[in-house]
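Reading through the structure tokens given below for one structure.
What follows is calculated from the coordinates using simple rules that are stated; it is not laboratory data. Worth saying up front: this structure is predicted, and the values here are computed from it rather than measured. Note: ideal-geometry Cβ built from the backbone for every residue, glycine included; neighbour counts use all protein chains shown.
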Amino acid sequence: MNRREGEGGSRRNADAAQDREASAQSSSPVIAAFKVFQQELDTKHDKHERLVKISRDVTIESKRTIFLLHRVTSVPNAEDILNEAELKLDAVRQKIGQIAEELRGEDIFQFHRAFTGGEPYRSEPSTFPTAIPHGVVRHAEIGGPLKFNCRSKRIQEYVEAASFLHYIRHRSLISLEEINARLVFMKSEKEDSEGPADALQPGGQVLTFQVSPSDYLLGVADLTGELMRMCISSVGNGDIDTPFQLSQFLRQIHDGFSYIGNTGPYEVSKKLHVLRQSLGKVEDACYALRVRGSEIPKHMLADVFSSRTTHMEPEEGVV
């Protein structure tokens, strides 16, 4: 009986000590400060995850637009394809408008990797504390460090799709100013809906999203690969004029990137290597059309050109 009373007394003493410790922690300014820090970090993390989800949709819809635009070489009425692609890009711009809404009042560089970096993935699960002071430390099982796959480009993918559509329509390269001019949105305070800036109503707010020069350059570099595929498709469909136009256009882009040198983003050297490969394939197609065009049947031209492999030294891609 005495033993049970002793155990009950020690348990009551432990509970009382925990209550006193909890009350002391609730009144501690250090604990209160770290709780505020925890809320700020959780809010930032939630915003980052929302941006990742939206930008993933931007990548998917931009890729679908590019796939659609490749059909212009094989259909009799290309205008229908171009109009459909424009509608898809409008939907992508609305997604970018959601990114602009999330970034309103925020430092854009804190979330830059969320919507312009590579596809994120987590390593093996690990346990980490969500706060520091004793009594507030709360361990949680989550994924490991966030890593990025640079082959997924998000905003660069939109630049690639927009520039591809612009080239097909106008046979010229879209400028950074023209891209940013299309990324102006109107946020209505009453209806909470987005629309074009020219439909601004009283009480609305204009939101803008600015594509950085680095994302613009890398998107244009990716465009060259799509132009090379367009060249091969055009040759296969009997169009012998488009390859020569593309060859001249790609040479101009290559010259422009060559002027950048080591002053641009570090990814430019890798993109330049692929650009040279694409330019080499287009130039080979032009050579074959000019010199050997009469020797190769038209229905075999695309297979002949697409099977060519460019032999370039790896260091050629480094400026």
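With 0.36 nm allotted per residue and the present C-alpha distance subtracted, the Leu41-Glu178 stretch has 45.7 nm of extension available. Among the chymotrypsin sites (Phe, Trp or Tyr not before Pro) in segment 207-256, none is located in a DSSP loop while being surrounded by at most 16 other Cβ atoms within 10 Å of its own Cβ.
A Förster radius of 25 Å combined with the Cβ-Cβ distance from Leu87 to Asn237 puts the calculated FRET efficiency at roughly 0.50. Note on segment 37-102: with charges restricted to the Cβ of Lys and Arg (+1) and Asp and Glu (-1), its dipole about the Cα centre is near 240 debye.
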